[in-house]
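Enquirer: A single structure is presented below for examination.
Since every read-out is calculated from the coordinates, none of them should be taken as a lab result. Owing to the predicted nature of the structure, the values given are computational and were not obtained by experimental measurement. Every residue, glycine as well, gets a Cβ built from its backbone with ideal geometry; the counts of neighbours run over all protein chains shown.
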Amino acid sequence: MYFVKRKKLISLLLVAATAMSSGAVATLIYNFTKNSSGEQFNYINKQKSPNLINKEELELNNKKIINSNIDLNLKEIEKKEPLVIEKPKEEVKKEKIIIKPIERPIEKPKVIEKPKPKPIEQPKPIEKPIEPPAPKPDPVPEPEPEIVPEPKPGTADTYIEVEGVRVKAKLKGVKQRQISSYDRVNKIANREEYVAVLSGELISIEVTEELRNKVINNAAAHARALREGKAATGILGYANEIASLVESGEKTATDLDWALNRNENNNWNWRNEYWTFQLLIEHGNFQEFLTEDAKIKYPQMLAEKKFVNELHRKIWIIKNLDFSKFTKMAPEGDRFLKKGMVLDPRSAYLNANGEWTSSGWSGPKQFNGVIMERERNNSQKRAFDYDTAWGRSPEEIQNGTYPGWSKVQINPDYDPNFKEFKIGNIDGLNIFSMQRDGEPKKEEGYINQGYVVEIDASKSGAYERTKTLVKQLTDKKVNVTSYRIKHMGKADAGQNFKEILSALPTDLRQLELYFDAGATNTSSLIALEDKRIKELSLYTDGNASLDSWSINPWALKETAWVNTIDYNNAGGFAKGVTVISRITFDTLAFEESDIKKEFGDDHEDKKFERINQGLRRAYWVRNNEAIFQSMGPGLNPDHNEKGNGYPMGLDFGRAPSIRTLRGLVFKDIIKPQNGSRQVQRVNFANNEENYKLKLIDLEKAGFENFIPKIPGVQEPKITFTNGNATKYLLITDNGEITSKGIQNITKFFDLAKNLDRTIRVAKGNTSTIESLKRYGYTVEEVDVDNPFVFS
């Protein structure tokens, strides 16, 4: 038994020894071959645990694997989506769902099949006439430009009178002016709709022989009157008298020359009246149109040298013309007549063929838009109306008189309407009664008597008393027809009239304000914004066309008509005459109160809404009124506003928060076809040498709304309230300036020519400084609170 066990043990040891020796030999052989191929077996951290990775899919061919007695740098082979996953792509599951014994959704009593009760037809809510969003008068929604198709008036055949002759005519009706609801709701439109063109358009007339003869006879009659000295200056009649005396030997050629050329005035009058016959005498066969006797006599006088000079010969020919022989009109005459236009006898002349033509043609008065508008305004818009197309002279304006009215001064201390106010002894304060001459008018809207309170603001007593008097008269409801305040700003250009104007009654038929020549400050007019004035007249005894005359469009919100008829050009009057004229406004101004400061820069549409509505009033909605046309209307002022003149300047001197044109709207938002307005001059508020701008003011400067430079036209410009005392542009905030901002800086310097091209930046705003320098600008860093320049 022992032997057997011992035998087994020996065998076991032999097997183990054999196994160990063969393993050692195998290891030596492997290392030998491994080293010979450049590979090494490294023993790493023999003390460390073997760190064996018990996984099958190991990456054994990776060069990064180190031969070691531990599993180092072995990575598991990336498992590619095992193809096995493509087990019938779960189709089995789908099959199962689909295969379910065609389970028709357990038929619930054919709920699905039920004839769908037509969705209980609630009176088609969708088809309800889409009502505009419930009216929100406050705030008014931003209007969408609505291109309103202008009504096309039809034409009609009718009979009219031309030069007293009844003829058949074709007329085009008057188009109705379109006013948008946006403009009505926001009170941008006139509270009393204003129409400039009152009559339809005369398209054509049938020219009759009677009309043609009437026009020819009118021209001949005027020319005959010229020759006889009964028309115009009478110079031709005088020339004929001198010529007769020359022929009788009582005067000489020198006397004749002297009579017509002794001064510039006589020479001008002679040339102007001779012009009527000039073409016929100098370029035509005038002998054909001489009287029969003169036809025989002319060659004889020429041969016998009876004409003492050329002037004598011309006067003799005119004197001996036979006007009954001028029976034709030039070819263009018929063309004008067919349009209903007749020659103006005062501009008529004879051509080389002895035919009548003219340098001026005009239609019948009832189709002359300018005359019709002026007559309507004088007869219906004025407080003290009259029935002609003409304005008042400087003298009438100065004295406060009107054609067809009598003016009488009353003593306020005895008149029951004014007695209690005790103003009879105040120098410069007067009350007048105006009385219509002739038959009183009974039509609604007219008056036949009225009181005028006249104040001379240059008199200190009158100026001081007016502040309280106007309020007292208003509170007592004394029926004052007109207030006339004269010499405003004469005693002191800074006189405050806002209090006085604020005290005026809400409803007033007439207000006349006379600004002194040296006081163009009209800031007080904003007090009239809510005054329902029938007629407002703004006069000056200085230059009525200065750019510095400005008006805030909101001042006229409730004014129905601004008198622009009483225009008098100082050049047409003798030196020394005080010429009073209505003011021409070519600049719009705004107040700081027009800016809605409760809105920030991210709500520009709301912040500048009031200013933009003011611009819209002047540029588009009431631009058919002369007060907002600056230099005049276009051919179709009611419907083609873009063709009208408009104020070319803007003054923000009283609105210091406006720094550029950022946020301002110059286009017509309701009628896009009108395009956009452009400005020529803008004045900004400033009281120091630095003009401060934020980056947003530069990014959205709106300088593209300036007119381009045009040769022969005043260049666009930016000015400041402190004149040339503004020296630098100062950017106050920090940030990157875009190419658009740089473009606007360049434009700003081009418009504000007096500025230094060095740009100042608030201290510490490095981004602004660096971006300016990248664009090549010289930059100075300054302390905003201290003008000291740091670098």
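Enquirer: Going by amide H atoms built from the backbone, whose H comes under 5 Å of the H on Arg509, apart from near neighbours?
Expert: HN-HN under 5 Å from Arg509: Lys534.
Enquirer: If I stretch the segment between Lys773 and Val478 completely, what's the gain in nm (0.36 nm per residue apart, minus their alpha carbon distance), one decimal?
Expert: Details: separation 295, 0.36 × 295 = 106.20 nm, distance 6.87 nm.
Gain on stretching Lys773 to Val478: 99.3 nm.
Enquirer: For Cα pairs less than 8 Å apart in space and 6+ apart in sequence, what is the mean separation divided by the residue count of region 264-381, i.e. the relative contact order in percent? Don't jump to the answer; show the numbers that get you there.
Expert: Working: 108 pairs, mean separation 32.0, N = 118.
Computed value for region 264-381: 27 percent relative contact order.
Enquirer: Further question: Check each of the GluC sites (Glu not before Pro) in region 597-700 and keep only those in coil by DSSP with at most 11 other C-beta atoms within 10 angstrom; list them in order. Walk me through the numbers before you get to the answer.
Expert: Working: sites: Glu598, Glu604, Glu609, Glu625, Glu641, Glu688, Glu689, Glu699; in loops: Glu598, Glu625, Glu688, Glu689.
Sites meeting the loop and neighbour criteria: Glu598.
Enquirer: Rounded, prolate or oblate: which fits region 390-445 when a ≥ b ≥ c are the square roots of the eigenvalues of the alpha-carbon gyration tensor, with rounded for a/c under 1.5 and prolate only if a/b beats b/c?
Expert: Working: a/c = 3.13, a/b = 1.45, b/c = 2.15.
In terms of gyration-tensor shape, oblate.
Enquirer: Any idea what log10 I(q)/I(0) is at q = 0.13, 0.14, 0.16, 0.18 Å⁻¹ for region 209-330, Debye with uniform C-alpha scatterers and no solvent?
Expert: Evaluating at q = 0.13, 0.14, 0.16, 0.18 Å⁻¹ gives log10 I(q)/I(0) of -0.54, -0.62, -0.81, -1.01.
Enquirer: Right, something else. Restricting the calculation to Cα positions, tell me the Rg (one decimal) and the Dmax (whole number) of region 677-791 in Å.
Expert: 14.2, 45
Enquirer: Now for a different question. Scan region 262-339 for trypsin sites (Lys or Arg not before Pro) in coil per DSSP, keeping those whose Cβ has at most 10 other Cβ atoms within 10 Å, and list them by number.
Expert: On the way: sites: Arg262, Arg271, Lys295, Lys297, Lys305, Lys306, Arg313, Lys314, Lys319, Lys325, Lys328, Arg335, Lys338, Lys339; in loops: Arg262, Lys305, Lys306, Lys328, Lys339.
In loop regions of region 262-339 (DSSP not H, G, I, E or B), the sparsely surrounded trypsin sites (Lys or Arg not before Pro) are Arg262, Lys305.
Enquirer: Let me ask something else about it. Which order, highest average first, do 498-507, 157-166 follow once you tally other Cβ atoms within 10 Å for each residue and take the mean per peptide?
Expert: Working: 498-507: 16.2, 157-166: 13.4.
Descending packing order for the listed peptides: 498-507, 157-166.
Enquirer: Test of understanding: extend the Cα→C-beta vector of Glu304 to 7 Å, then name every residue of region 219-249 with backbone N under 19 Å from that spot.
Expert: Inside the label zone: 243-249.
Enquirer: A further question follows. Please list 3J(HN,Hα) in residue order for region 479-487, calculated via the Karplus relation 6.51 cos²θ - 1.76 cosθ + 1.60 where θ = phi - 60°; whole Hz, with x for glycine and proline.
Expert: Per residue, the Karplus-derived 3J(HN,Hα) values read 6, 8, 7, 8, 10, 10, 10, 10, 6 Hz.
Enquirer: Is the C-alpha gyration tensor of region 365-499 telling us rounded, prolate or oblate? Criteria: a/c under 1.5 is rounded; beyond that, a/b larger than b/c is prolate, otherwise oblate. List each step's numbers first, then the result.
Expert: Values: a/c = 2.35, a/b = 1.58, b/c = 1.49.
Taking the square roots of the gyration eigenvalues as a ≥ b ≥ c, region 365-499 is prolate.
Enquirer: While we're on this one: Taking θ as phi - 60°, what are the ³J(HN,Hα) couplings along region 694-701 by the Karplus curve (6.51, -1.76, 1.60), each to the nearest whole Hz, with x for Gly and Pro?
Expert: So the J values, rounded to whole Hz, are 8, 4, 5, 5, 7, 4, 10, 5.
Enquirer: Taking every DSSP beta bridge that has both residues in region 686-791, what percent is antiparallel when rounded to the nearest 5?
Expert: Numbers: 2 of 13 bridges.
Bridges in region 686-791 that DSSP calls antiparallel: roughly 15 percent.
Enquirer: Return the sequence-ordered ³J(HN,Hα) values of region 462-474 in whole Hz as given by the Karplus equation 6.51 cos²θ - 1.76 cosθ + 1.60 applied to θ = phi - 60°, using x for Gly and Pro.
Expert: With the stated coefficients, region 462-474 comes to 5, 4, 5, 6, 4, 3, 8, 4, 4, 5, 5, 5, 5 Hz.
Enquirer: Enumerate the residues in region 675-708 having an amide nitrogen under 20 Å from the point lying 7 Å beyond the Cα of Thr746 toward its Cβ.
Expert: Label zone hits: 695-708.
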